[in-house]
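Please treat every number below as a calculation from the coordinates, not as lab data. Everything numeric here is computed off the predicted structure, so don't read it as measured data. Every residue, glycine as well, gets a Cβ built from its backbone with ideal geometry; the counts of neighbours run over all protein chains shown.
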There are 2 protein chains.
Amino acid sequence: MESNILGTNVITQIGILVHDIEKTAQTYADFFGMEKPQINQTDAPELAQTEFKGESTAARAKLAFFDMGSLQLELIEPDQQPSTWREYLDEHGEGPHHIAFVVGGLQEKVKIMEANGMPLEQKGEYPGGRYAYMDTFRDLKIITELLENDE
Amino acid sequence: MESNILGTNVITQIGILVHDIEKTAQTYADFFGMEKPQINQTDAPELAQTEFKGESTAARAKLAFFDMGSLQLELIEPDQQPSTWREYLDEHGEGPHHIAFVVGGLQEKVKIMEANGMPLEQKGEYPGGRYAYMDTFRDLKIITELLENDE
């Protein structure tokens with residue numbers, strides 16, 4: 001594999017799956033003495049264009065972000081539609097799901113990773129950018145998320 | 001609970017449990033284009049004074065640290081002795097185990113957390129400091145590690 005395929009090794013997010021984001025976000029806020037952040041839902045399917053394992057899915061999730069130093073801790077409460085979030089939560093229970101990296105040239109990086117045995121799990125659009133969850137579990141023992149933000 | 005009990009919300013480490021640290025450390029090094037770090041073993045029991053669930057344990061682990069932005073990603077391969085590492089690895093398989101925070105007044109913070117239903121899981125000494133793993137899983141959906149470094 002070429003040297004540093006992602007072009008970065010800066011972890012920008014840790015994503016944690018939860019059953020009840022309102023409750024857990026409040027607990028984080030209380031524990032760390034922070035404001036409880038606004039909880040947002042990912043975009044509707046026609047905007048998010050979410051694909052899970054190569055198929056279009058209507059899956060959405062509620063998200064809450066906490067600034068924890070130079071990175072964000074992201075709480076994720078998925079709905080019942082098929083997604084990496086739902087599958088992982090059903091299989092593993094609540095807990096950490098991924099680490100994220102901001103990259104350029106997301107599509108090309110996805111292709112290189114897939115050619116190296118790290119399949120694309122899920123992708124979608126968010127306001128101002130797009131993401132790809134890569135199944136790096138076999139190699140890195142954690143799922144990685146690539147984030148590409150528009151200029 | 002008082003406001004920001006830890007006195008910080010800066011995540012300094014993400015700890016990931018692995019079966020084969022040599023192999024996974026090499027994979028990280030290759031993937032991120034970094035040098036494979038030296039793999040160190042935690043101190044022997046008489047130095048580490050490790051306690052797991054209130055009892056002295058001879059458990060040790062091999063550790064590898066990667067700088068990933070402002071925080072470290074820590075790979076942990078535990079031995080077979082009783083520890084939070086061994087227990088979590090046996091129960092959950094490989095994957096993320098904890099996030100860490102550097103604190104002052106570790107012993108006092110452990111007491112306050114215990115009084116708030118977050119039990120001390122494991123503690124021990126390392127060269128230049130000490131650590132405590134707190135079972136914050138019920139509340140924060142991840143284990144937290146407190147690190148206290150000597151001046």
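Simple spin-label estimate for A:TYR126 and B:GLU108 gives 3.8 nm between the two label positions (7 Å along the Cα-to-Cβ direction from each Cα).
Can you sort B:GLU55, A:GLU108 by how many other beta carbons sit within 10 Å, fewest first?
On the way: B:GLU55 8, A:GLU108 11.
Result, fewest neighbours first: B:GLU55, A:GLU108.
For the listed residue pairs A:LYS36/B:LYS53; A:LYS109/B:LYS141; A:LYS141/B:LYS141; A:LYS109/A:LYS141; A:LYS53/B:LYS36; B:LYS62/B:LYS123, the alpha carbons are over 21 angstrom apart in A:LYS36/B:LYS53; A:LYS109/B:LYS141; A:LYS53/B:LYS36.
Here the protein assembly as shown is treated with +1 on each Lys and Arg Cβ and -1 on each Asp and Glu Cβ, and its dipole about the Cα centre works out to around 40 debye. Between the amide H of B:ILE143 and those of B:ILE99, distances stay under 5 Å, these residues lying 5 or more places away or on another chain, with hydrogens modeled in the peptide plane. Of all DSSP beta bridges confined to the range B:69-151, the antiparallel ones make up roughly 70%. For A:THR12, the shell of other residues with beta-carbons less than 13 Å away shows a net charge of -4, using +1 for Lys and Arg and -1 for Asp and Glu.
For chain A, averaging the sequence separation of C-alpha pairs within contact (under 8 Å, six or more residues apart) and dividing by the residue count gives a relative contact order of 27 percent.
Taking the beta-carbon count within 10 Å as an exposure proxy, list B:THR24, B:THR50 from fewest neighbours to most. If you can, show how the numbers build up before the last one.
On the way: B:THR24 20, B:THR50 25.
Starting with the residue having the fewest Cβ neighbours, the order is B:THR24, B:THR50.
Residues A:GLU51, A:GLU125 in ascending order of nearby Cβ atoms (within 10 Å, fewest first): A:GLU125, A:GLU51.
In plain terms, the chain from A:ALA58 to A:ALA29 could stretch by 7.4 nm, reckoned as 0.36 nm per residue minus the Cα-Cα distance.
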